[in-house]
1. Fewest first, what order do V156, V19 take by the number of other Cβ atoms within 10 Å?
2. Modelled label-to-label distance, Q190 and A123, 7 Å Cα→beta-carbon offset: nm?
3. State the extension gain, in nm to one decimal, for the chain segment bounded by V156 and S96, taking 0.36 nm per residue of separation less the distance between their alpha-carbons.
4. Is the stretch 105-214 best put as rounded, prolate or oblate by its Cα gyration tensor, with a ≥ b ≥ c the root eigenvalues, rounded for a/c under 1.5, and otherwise prolate when a/b is larger than b/c, oblate when not?
5. Take the Cα pairs of the stretch 15-212, get the Kirkwood Rh, then feed it into Stokes-Einstein at 25 °C and 0.890 mPa s and tell me D in µm²/s.
6. Treat the count of other C-beta atoms within 10 Å as a stand-in for reagent exposure and order M95, M71 from fewest to most.
Amino acid sequence: MKIPRTESRAFTLIEVLIVVAVLVTLAVAFLSAALRRAQARSSRLNCTNNLKQNGLAFNTWAIDNHDRYPMGVSIANGGAMEAAITNLPLIFQVMSNELSTPKTLVCPADTMRTYATNFLSLASKNISYFAGLDATETNPACILAGDCNITNGMGVRAGILYAATNDPARWTPAPHKGSGNILFADGSVQQLATVRLREAIATTGFPTNRLLMP
């Protein structure tokens, strides 16, 4: 009795090429996703570092100005108080010596902003961060600055977003995918999701927080 032989068929060249192409496509997709995640982490880290430098500048400036930020010092004395509610760039311009470079005012993930070449040319289009108009150095829980992709469902009025404990404050999707960084008066920077953002707003000690937007 003869036992029939089973013949194994080798892959043809076309089949091999198809398999290789599929594997390459999967590898590229995997690496691209990993690269995007790495870039997002890098952008968040750089944004955090920017805000930390800004916090250091705010607090260093305050040491030389009776523990007050530029928003609380008159223009005649080198601050920005009279113009602060309408002129965000001026707040950072008076701290130019402490900031050293305007590049720290742009979040790396904010594709809507561009770097200013110097502080004299600084404009809102060169700033990614809001400034907390009510922040004081004596209240470490105050919101001093943060990513400008914050909203409360009410819109910005005359350049100011009013964030109160009963307002549904939240982050917009960009640039940090539904989260954002907040700089507090104690110099710390925290990356907060929307729930934590609302908690931070509720614990500043102010019924309403005025955030001057770029």
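Read-outs throughout are calculated quantities, based only on the coordinates presented, and are distinct from any laboratory measurement. Since this is a predicted model, take the numbers as computed values, not measurements. Neighbour counts run over all protein chains shown; Cβ positions are idealised from the backbone, glycine included.
1. Details: V156 16, V19 11.
In order of increasing Cβ crowding within 10 Å: V19, V156.
2. Those two pseudo-labels are separated by 3.6 nm.
3. Details: separation 60, 0.36 × 60 = 21.60 nm, distance 2.68 nm.
Here the segment from V156 to S96 would lengthen by 18.9 nm.
4. On the way: a/c = 1.60, a/b = 1.37, b/c = 1.17.
Verdict is prolate for the stretch 105-214.
5. Details: Rh = 17.9 Å.
For these conditions, the coefficient is 137 µm²/s.
6. Details: M95 21, M71 24.
So the residues, fewest neighbours to most, are M95, M71.
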